[in-house]
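Okay, structure first, notes after.
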2 protein chains.
Amino acid sequence: MKSQQNYAPVTDEVVLSLKKIVNENCIIYNDTEKIEPYSHDEVQAKEYAHHPEVVVMPRSAREIAEIVKLANTRKIPITPRGAGSGLSGGAVPLYGGIVLSMERMNRILEIDLENMVAVVEPGVITNDLNNKVKQEGLFFAGYPMSLETCFIGGNVAENAGGGRAMKYGVTGRYVIGLEIILPTGEIVQYGGKRMKDATGYNMVQMMIGSEGTLGIFSKITLKLLPLPKARIDMLVLFPDVYAALQVTPRITKDLRLIPAGVEFMDRLSLEITCDYLGIREQYANSEAILLIEMDGNSREQVLEECLEIDGICQECGSLETFIAEGPKDQEKIWNVRKHVGEAYNAIGEIMSAEDIVVPPASIVKVIPRLQDLSEKYGVLLPSFGHVGDGNLHVNIIKKPSDDLQRCMSILPMILEELYLLTKELGGTISGEHGIGHKRSKYLPLIMGEAEISAMKRIKSALDPLYILNPGKIFD
Amino acid sequence: MKSQQNYAPVTDEVVLSLKKIVNENCIIYNDTEKIEPYSHDEVQAKEYAHHPEVVVMPRSAREIAEIVKLANTRKIPITPRGAGSGLSGGAVPLYGGIVLSMERMNRILEIDLENMVAVVEPGVITNDLNNKVKQEGLFFAGYPMSLETCFIGGNVAENAGGGRAMKYGVTGRYVIGLEIILPTGEIVQYGGKRMKDATGYNMVQMMIGSEGTLGIFSKITLKLLPLPKARIDMLVLFPDVYAALQVTPRITKDLRLIPAGVEFMDRLSLEITCDYLGIREQYANSEAILLIEMDGNSREQVLEECLEIDGICQECGSLETFIAEGPKDQEKIWNVRKHVGEAYNAIGEIMSAEDIVVPPASIVKVIPRLQDLSEKYGVLLPSFGHVGDGNLHVNIIKKPSDDLQRCMSILPMILEELYLLTKELGGTISGEHGIGHKRSKYLPLIMGEAEISAMKRIKSALDPLYILNPGKIFD
């Protein structure tokens, strides 16, 4: 728990002032049970949780602006919160104060078909938007795997990625306009429905991934894409992880193709997820699988590309390939991959869920280093993730027989070695989950003083009193 | 000419210090004739030109850092410069001082086929990179129309766009790593060959389009794409501009297609360019043309899409369509469009070359307003450009019989009305050329005080002495 020495407490009088800004039923105060869900995100370790003093659910930019101004006057910290599905402690109010939950700002304001653009409030669930635009033959490409629960505002705040980022990029590529409440309370508009903008600094992109430390989004303009007419998925089984991880750079180099996604799971990830789902192991003899998604507007072309990729997989030593066309078959081969996160959480022995990213062709070099770490520290280091774009989720797990306290005491050393090897390979410690609170103390390990100092100077310039989400990104 | 009251002059002694940093033959000093080319970019009006006191051509990040540190110590302004092909006065040293020309940092450092990435110095000519990667079946998608002369560093500084931005986006989408010399002289690295990065603020995107005011690039990492296997271009003639400008929103809304580009030229632009090229008018009876570029990996699919689009063109009233496959035919139909900028410059009656951008579906609403302006002020307002992404180059031209002085005196009023109507339609005053010096005084017209203030606070935070490219973006 952090000291609150620099911040003022939320008193009854402050809450009275908040009630003048928002409806009484938009405030949770003096109710530990109702406040508890706002004290953590999806990070499992309890040490990263912290209760807010009050939760406020604004309904408009104006209300947010008033709350932010009040917080500046009183020096009370504000932590904006989406669905709480984050994995870096980004939405946790480390210094107490106000949690600003965007759950009631959940309207899809406009689907503009002529400009292929959607305008949404930050509390819209990502899949709600995708389901709505699907009826129009469109999709929002920059979504993360948690799309059934996560809010678009949170995706923007963390610059979330997902299973299709290899071809389509991450959330940030699709955000073309933002209405923002600055840390000092001004409501500003940057970008809009225009597709290009060379007018001053790119404040839209600066805000994306700033983890709620530079501004609060009240309106988000998103570029949509036409839904590809054809999609074919392949499940490919491999005898070992090395064989599987050679595939992506060969698709890139030999075929000059960019799949929508190449997802990877190792044996332990498969076993744990199948157990969790209560389904029979389907991956006999394979030590790793790839899920490869190809799309385009011509089925023949997509199928031809799939066959070319399968040829590469076979050259790399694949055991078997299942081709899935149509939602039902695709659902089936994606089922295990989609539940891997939940499955790991359910076993309760996870020490840390990591999110390293390296240049895609270097991902194969990570594996022997993970094996070394596993042996050195006596922990398990299974992995899965978006290997098509070099983003590997490494889970640090204690062996069932081992002592939790011993394991937690060596966790910082394991993380340090993991992060340093990522840096050595030209990578970084978060591809899509963010730094938040969880990784802030490791930032200086992989980023130089001058690099961090420039970021901090921007933070201070926009948020001189450090009101907005303090303690995140920087330690 | 601006006063240099806040900056120190470049004395012989300063030049001696510079000679300790770079080779003597990398400095131009006391040579008005050789310095003159560094006093302007492609903006025609003389009022936007200004001579530097010295030109320095560094060869490394280290040299740049030393020069920047010297400039901070002495309080001498530095203006980074690419090929000088800019159209907003961005590379003009408004307060004299040092022009830092990147012409000798022109190495393509690496083409990494397994990661589909190129690493270049800022002085590489855009087309040199494209020619080199073409041999590998790849291309750098984010290039502007001036690709035969412009430097990649300049493209990044202005976040340049181009004829294929509708599908592929602008330069910034492809920049994944930057080595930057900060205004205070530190050499920093942000991003790299990784495809995702959620590690702190997006400093890479913050720097892109910052017009040389926040940092100097010494190394640029670019994501490449596979060269599409099929490309078909269409030249479509229309009886009037309205018919032509209805096409893009209908392609978007009715067909759910995104062409690589939809380029537009009106009658006067066609006439002036054909005259300039000395070729016979090929566009009889048409008041406007569209050039529509479609690409993909399946020729059949691309051709089918072209026919669908041609159907839309016909419904909008098109007169005739020419389909071009293969470089020779494509070259032929693009020839006039590619030379329109030069042609306008050659006639010498251009008062201002503008770069407005609106939501693509609103571009048709711009035209009657241009006609009103033309009548009200007695000038010609022909237009051409990337209408697929809403980016229209409006040229303000005096009538041959008119008096230049009268025309220049009313130019600010015309610009003000043009910019206000752009804002009214949800657009902005520059889609790809930048604000630079030329549009800085109009920024407050289309952007609020709070929006500008946040940008200025970032500038001050990173460049406290205003050493780097002063007078640009902000007046």
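The values are calculated or read from the model by the stated rules, or taken from the named source; none is laboratory data. It should be emphasised that the depicted structure is a prediction, and the values quoted were computed from it without experimental measurement. For neighbour counting, all protein chains shown are included, and Cβ atoms are generated from backbone atoms with ideal geometry for every residue, glycine included.
Of the residues examined, A:Asp329 is not one that is more than 14 Å from chain B (Cβ to nearest Cβ), closer than 21 Å to A:Gln246 by Cβ and either touching a His at 6+ places or on another chain (Cβ under 9 Å) or of a type in the set (Asp, Glu) (or both).
Against the list (1) surrounded by 24 or more Cβ atoms within 10 Å (Cβ to Cβ); (2) touching a residue at least 40 places away in the same chain (Cβ under 8 Å), the condition A:Tyr466 fails is (1).
The set of residues from region B:299-353 being under 22 Å from B:Ser269 (Cα atoms), out of contact with any helix residue (DSSP H, G or I) (no Cβ under 8 Å at 6 or more places or on another chain) and of a type in the set (Gly, Ala, Ser) comprises B:Gly341, B:Gly348.
Of everything listed in (1) within 14 Å of chain A (Cβ to nearest Cβ); (2) polar (S, T, N, Q); (3) in contact with an Asp or Glu (Cβ under 8 Å, 6 or more places away or on another chain), the single unmet condition for B:Ser460 is (3). In the condition set (1) on the phi > 0 side of the Ramachandran plot; (2) crowded, with 23+ Cβ neighbours inside 10 Å, B:Gly278 is compliant with all but (2). Among the residues of region B:38-65, the ones that are loosely packed, with under 14 Cβ neighbours inside 10 Å and either in contact (Cβ under 8 Å) with a residue 24 or more places away in the chain or over 27 Å from B:Ser146 (Cβ atoms) (or both) come to 1 in all. Here A:Glu179 meets each of (1) under 24 Å from B:Gly390 (Cα atoms); (2) under 20 Å from the mean Cα position of the chain (by Cα); (3) not β-branched (Val, Ile, Thr) with one exception, condition (2). Within region B:31-52, not a single residue is in contact with a strand residue (DSSP E or B) (Cβ under 9 Å, 6 or more places away or on another chain) and closer than 16 Å to B:Leu16 by Cβ.
Looking only at region B:13-23, decide whether some residue is touching a residue at least 40 places away in the same chain (Cβ under 8 Å) and of a type in the set (Asp, Glu). Scanning region B:13-23 turns up no residue that is touching a residue at least 40 places away in the same chain (Cβ under 8 Å) and of a type in the set (Asp, Glu). Taking region A:69-98 as the range and being touching an Asp or Glu at 6+ places or on another chain (Cβ under 9 Å), surrounded by 24 or more Cβ atoms within 10 Å (Cβ to Cβ) and either on the phi < 0 side of the Ramachandran plot or free of Cβ contacts under 8 Å to residues at least 12 places away in the same chain (or both) as the test, the residues that pass are A:Ile76, A:Arg81, A:Gly82, A:Gly86, A:Leu87, A:Ser88, A:Gly90, A:Ala91, A:Val92, A:Pro93, A:Ile98.
For B:Ser401, only one of the following conditions fails: (1) within 10 Å of chain A (Cβ to nearest Cβ); (2) of a type in the set (Ser, Thr, Tyr); (3) surrounded by fewer than 18 Cβ atoms within 10 Å (Cβ to Cβ). What is its number? Condition (1) is where B:Ser401 drops out. Counting the residues of region A:286-297 that are touching an Asp or Glu at 6+ places or on another chain (Cβ under 7 Å) and surrounded by fewer than 21 Cβ atoms within 10 Å (Cβ to Cβ) gives 1. Restricting attention to region A:56-109, and to residues there that are in a strand (DSSP E or B) and within 30 Å of A:Leu138 (Cβ to Cβ), which single residue is nearest to the chain's Cα centre (by Cα)? Going through the qualifying residues, I end up with A:Arg81. Under the condition of being of a type in the set (S, T, N, Q) and either within 14 Å of A:Tyr344 (Cβ to Cβ) or touching a residue at least 40 places away in the same chain (Cβ under 8 Å) (or both), the residues counted in region A:360-406 number 4. Candidates B:Ile458, B:Ile473, B:Ile367: the one that is within 19 Å of B:Ala288 (Cα to Cα) and of a type outside the set (Gly, Ala, Ser) is B:Ile367.
A single member of B:Pro239, B:Pro249, B:Pro226, B:Pro259 is more than 30 Å from A:Ser210 (Cβ to Cβ), more than 7 Å from every other protein chain (Cβ to nearest Cβ) and more than 21 Å from the chain's Cα centre (by Cα), and it is B:Pro239.
Of the residues making up region B:339-364, those that are within 14 Å of chain A (Cβ to nearest Cβ), in a helix (DSSP H, G or I) and of a type in the set (A, V, I, L, M) are B:Ala361, B:Ile363, B:Val364.
Note on region B:448-463: residues that are in contact (Cβ under 8 Å) with a residue 12 or more places away in the chain, buried (at least 19 other Cβ atoms within 10 Å of the Cβ) and of a type outside the set (Lys, Arg) amount to 4. B:Leu100 - would you say it is outside the structural domain of B:Val262 (by TED's automatic domain parsing), modelled with pLDDT under 95, closer than 18 Å to B:Asp41 by Cα and touching a Ser or Thr at 6+ places or on another chain (Cβ under 9 Å)? Against the criterion (outside the structural domain of B:Val262 (by TED's automatic domain parsing), modelled with pLDDT under 95, closer than 18 Å to B:Asp41 by Cα and touching a Ser or Thr at 6+ places or on another chain (Cβ under 9 Å)), B:Leu100 does not qualify.
Among the residues of region B:280-298, those that are modelled with pLDDT of 95 or more and within 14 Å of chain A (Cβ to nearest Cβ) comprise B:Met294, B:Asp295. You will find that of A:Gly200, A:Gly209, A:Gly185, A:Gly215, the residue that is surrounded by fewer than 22 Cβ atoms within 10 Å (Cβ to Cβ), outside the structural domain of A:Gly431 (by TED's automatic domain parsing) and not polar (S, T, N, Q) is A:Gly185 and no other.
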